Amino acid sequence: MGTTAKKKYPKGFWICGCTEIFERLSYYLGRSLILIFVTASVAEGGLGLSNSQGATMQSLLTAFAYLGPLIGGVVADRWIGGRYTTPVGMLIVGIGYFCGSLATSPTMVYVMIFCVSAGLGLFKNGAMIGRIVTDKDQIDGAFSIRYSLVNTGAFIGTFAVGILYKDVFAHDGVLGFSPCFKLAALSMFLGAIWFTWGWRFMGDVGKKPFKLEKTAEELEMEKQRKEEEKNMKHQPLTLVEKKRMGAIFLVSGFSIIFWIFWNLAYLPVYYYWTENMNWVVAGYEVPTTWFDAANSFFCVVFGPLTAMLWAKLSARPQGDMSLFRKTGIGIGILGIAYLFFAALDVARGGEKISVLWLIVFAAIFTLGEMFFSPLGHAFISKYSPSRYLSTMMAVWGIATFISSLCYGPLYGATFEGGFKFTSVCIVIAIIAAVSAIVLFVLDKRLSKLVED
């Protein structure tokens, strides 16, 4: 009896996939550490700045890490191949983290933020995977594996840094911030070497700018598109196209709300709850960065479960749940997470409660993320008019940039602004609930915007 052998992924895919581990390990190590480093006292090896300053610096790192790829994409698309921009970008990021290891003032932290953002703008590993894996039947699986490798790097980085900065590298009361930033730099340098060594397995992919590396299918589509553009060149947008673009702007607006609240939820863990929770479990003081590790862990756990849920829903006679409802549920669950924070603050009655409660919060918090994650590029790719596809993709990226830029200053104005912790959490939960209700109530109308 003959069997059909399962087709293996190209070796170049595994080179790129494992490169993600190096990059995400360093990024989440640095992103988590910056909150602690900036606010730790000078005697402990930190900068001794306020919590709101630490929150703002992290939000700048997050924001420009999203903006950088929009700019770097032009370089890789038009001028330099992705296989060359990627290791160069990783080296620039590594230099940035090394600058962070030398920081004794905010200036070097801002230099680190600039270098990391610029370097990540040139990091085109994901686009390389899309070219290396040419079998359409393997694409979904390839990016699912990539997602797991990304979260593996994130988990390792956030889990390890907690032990390293406060236990392994700490000396005479000085916490090991500098060695940890150097470790993030080393991870990027090693990743660049690994990626460059793997060029031999990538064929010709990435040697030319992506604009010049069109697949046979794209060449055929381009030919058809040029013929269509001759007819469409002077035609205005149709009513359906206008409605679909309106839906994309609307979803991008709710994306800003979601990601502001999502990022904002991290900050009380590092600041408010470090003072109001007992972080000692079985005689060991739990590192703060392990909350980030918990988020990565639950992403891996919930990923397959939510994928099964979407598959089951899509098999129903009425079809899958609308993207607007998924968005509403995601924002609603995030609101519940804030209510959980408020309930913890009330229940503790002025006393410290166990840090283990953060595991429950991380689970709720991540579940909201997994409901929201089906949106984004897939939604835009499906409904954007072809002649405005790049513009609409940029709109989504800019929405993420705006949300990342806002959450740090917002933390300073709310949780650090003299308001009661419980009150801030309840107000955010109410805004989230209202957003979710609006999306559910208007679901049919919004769905009509994207239907023919």
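Tabulated values for the structure
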{"read-out": "Verdict on T86 being among the β-branched types (V, I, T) and surrounded by 24 or more Cβ atoms within 10 Å (Cβ to Cβ)", "value": "yes"}
{"read-out": "Long-range neighbours under 9 Å by Cβ, at least six apart or interchain, first residue at positive phi within region 297-320, second open to solvent by 60 Å² or more (accessible area, probe 1.4 Å)", "value": "none"}
{"read-out": "Test: A118 is part of a helix (DSSP H, G or I), within 16 Å of Y28 (Cα to Cα), open to solvent by 10 Å² or more (accessible area, probe 1.4 Å) and of a type in the set (G, A, S)", "value": "no"}
{"read-out": "Region 171-194, subset surrounded by fewer than 19 Cβ atoms within 10 Å (Cβ to Cβ) and touching a helix residue (DSSP H, G or I) at 6+ places or on another chain (Cβ under 9 Å), residue farthest from F123 (Cα to Cα)", "value": "G173"}
{"read-out": "Flag if T107 is more than 22 Å from the chain's Cα centre (by Cα) and in a helix (DSSP H, G or I)", "value": "yes"}
{"read-out": "When residues of region 267-296 are limited to those that are part of a helix (DSSP H, G or I) and free of Cβ contacts under 8 Å to residues at least 40 places away in the same chain, the one most open to solvent (accessible area, probe 1.4 Å)", "value": "E275"}
{"read-out": "Positions within region 297-313 being open to solvent by 60 Å² or more (accessible area, probe 1.4 Å) and within 13 Å of T366 (Cα to Cα), in sequence order", "value": "F297, V300, L305"}
{"read-out": "Which numbered condition K8 misses (of (1) within 29 Å of G198 (Cα to Cα); (2) part of a helix (DSSP H, G or I))", "value": "(2)"}
{"read-out": "Among the residues listed as R316, R325, the single one being among the basic types (K, R) and closer than 21 Å to I364 by Cβ", "value": "R325"}
{"read-out": "Filtered residues of region 321-348 (kept if without any contact (Cβ under 8 Å) to a residue 24 or more places away in the chain, over 26 Å from the mean Cα position of the chain (by Cα) and open to solvent by less than 60 Å² (accessible area, probe 1.4 Å))", "value": "A343, L344"}
{"read-out": "Pairs, first farther than 15 Å from N125 by Cβ in region 140-165, second open to solvent by 50 Å² or more (accessible area, probe 1.4 Å) and of a type in the set (D, E), C-beta under 6 Å, six or more apart", "value": "none"}
{"read-out": "Meets criteria (surrounded by fewer than 20 Cβ atoms within 10 Å (Cβ to Cβ) and not in a loop (DSSP other than H, G, I, E, B)) for V74", "value": "yes"}
{"read-out": "Matching residues in region 390-447 - criterion: being open to solvent by 60 Å² or more (accessible area, probe 1.4 Å), of a type in the set (D, E, K, R) and in contact (Cβ under 8 Å) with a residue 40 or more places away in the chain", "value": "E416"}
{"read-out": "Members of region 144-154 found to be surrounded by 16 or more Cβ atoms within 10 Å (Cβ to Cβ) and either aliphatic (A, V, I, L, M) or over 10 Å from E20 (Cβ atoms) (or both), listed by number", "value": "I145, L149, V150, A154"}
{"read-out": "Long-range neighbours under 9 Å by Cβ, at least six apart or interchain, first residue within 15 Å of G81 (Cβ to Cβ) and in a loop (DSSP other than H, G, I, E, B) within region 192-206, second open to solvent by less than 80 Å² (accessible area, probe 1.4 Å) and acidic (D, E)", "value": "D204/E213; V205/E213; G206/E213"}
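The values are calculated or read from the model by the stated rules, or taken from the named source; none is laboratory data. Computed from a prediction, not measured in an experiment: that's the story for all the values here. Virtual Cβ from ideal backbone geometry, glycine too; neighbours counted across all protein chains shown. Ligands, DNA and RNA are stripped out before the accessible areas are found, and what is left, the full protein with its side chains, is counted by its heavy atoms. Shrake-Rupley method; radii C 1.70, N 1.55, O 1.52, S 1.80 Å.
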